[in-house]
Ligand code: GLN
């Protein structure tokens, strides 16, 4: 079994845990450094990135998380989780920090208040041949991608909503809420490859 951690300070923790368990992973909550070091990969859920950031720092997890990301741990960030992974938040609130590691600029709440939630069928080549229904909730977008970042999905108007950089996968939407598990399956596939590679090195 792959052992997948879900960063469990705030947000859609339970929903991710349910999807990952249903897909056969062993799932644990991560709030402490020793929990982080026990997992093969980490999911950072959606929620509220400024609150999540505060809790991460209060619990002394900012440095352990940054180190884990730099060391190549596979991390899947959704919505607020994508914001946490971004090197730069263009509209961070005062004192809000991200973990960084994913070389992108993100904008929070990028869709304004009238359409703060919507669902759209997204092309995600590499993840699925068919469109994937995606639920956006006060979602961020990726405004700039840096070196080594591959765009996985864009809205029809070109706005970037899914990216990958090495072991880091970041998406603007909430794949844990609508029963479509393809993005989680894709991530678990990437984690399995990573675990195999790591074993081969030992
Ligand atoms: N708007 C939230 C933030 O800035 C993200 C919303 C979400 O995760 N659904 O963190």
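Taking the listed residues 106, 127, the one that is assigned to a loop (DSSP other than H, G, I, E, B) and touching a helix residue (DSSP H, G or I) at 6+ places or on another chain (Cβ under 7 Å) is 127, with no other qualifying.
Out of all the residues in the stretch 55-74, is one or more farther than 26 Å from residue 178 by Cβ, within 13 Å of the ligand (Cβ to nearest atom) and modelled with pLDDT of 95 or more? Yes, some residue in the stretch 55-74 is farther than 26 Å from residue 178 by Cβ, within 13 Å of the ligand (Cβ to nearest atom) and modelled with pLDDT of 95 or more. Only a single item in (1) within 12 Å of the ligand (Cβ to nearest atom); (2) buried (at least 18 other Cβ atoms within 10 Å of the Cβ); (3) in a loop (DSSP other than H, G, I, E, B) is not met by residue 96, and it is number (2). From the list 183, 177, 191, 106, the lone residue that is away from the ligand (no atom under 16 Å from the Cβ) and either under 15 Å from the mean Cα position of the chain (by Cα) or closer than 15 Å to residue 77 by Cβ (or both) is 191.
For the criterion of being under 14 Å from residue 84 (Cα atoms) and within 16 Å of the ligand (Cβ to nearest atom), residue 43 passes.
Total residues in the stretch 34-68 satisfying the condition of being in contact with a strand residue (DSSP E or B) (Cβ under 9 Å, 6 or more places away or on another chain), buried (at least 22 other Cβ atoms within 10 Å of the Cβ) and part of a helix (DSSP H, G or I): the figure is 5. Say whether the condition of being out of contact with any helix residue (DSSP H, G or I) (no Cβ under 8 Å at 6 or more places or on another chain) and within 21 Å of residue 186 (Cα to Cα) is met by at least one residue in the stretch 87-100. Within the stretch 87-100, none of the residues are out of contact with any helix residue (DSSP H, G or I) (no Cβ under 8 Å at 6 or more places or on another chain) and within 21 Å of residue 186 (Cα to Cα). For the stretch 113-122, the criterion of being at pLDDT 95 or above and crowded, with 16+ Cβ neighbours inside 10 Å is met by at least one residue.
The values are calculated or read from the model by the stated rules, or taken from the named source; none is laboratory data. Given the structure is predicted, the values throughout are model-derived calculations rather than measurements. A quick note on method: Cβ atoms are made from the backbone with ideal geometry, for glycine too, and the neighbour counts reach across all protein chains shown.
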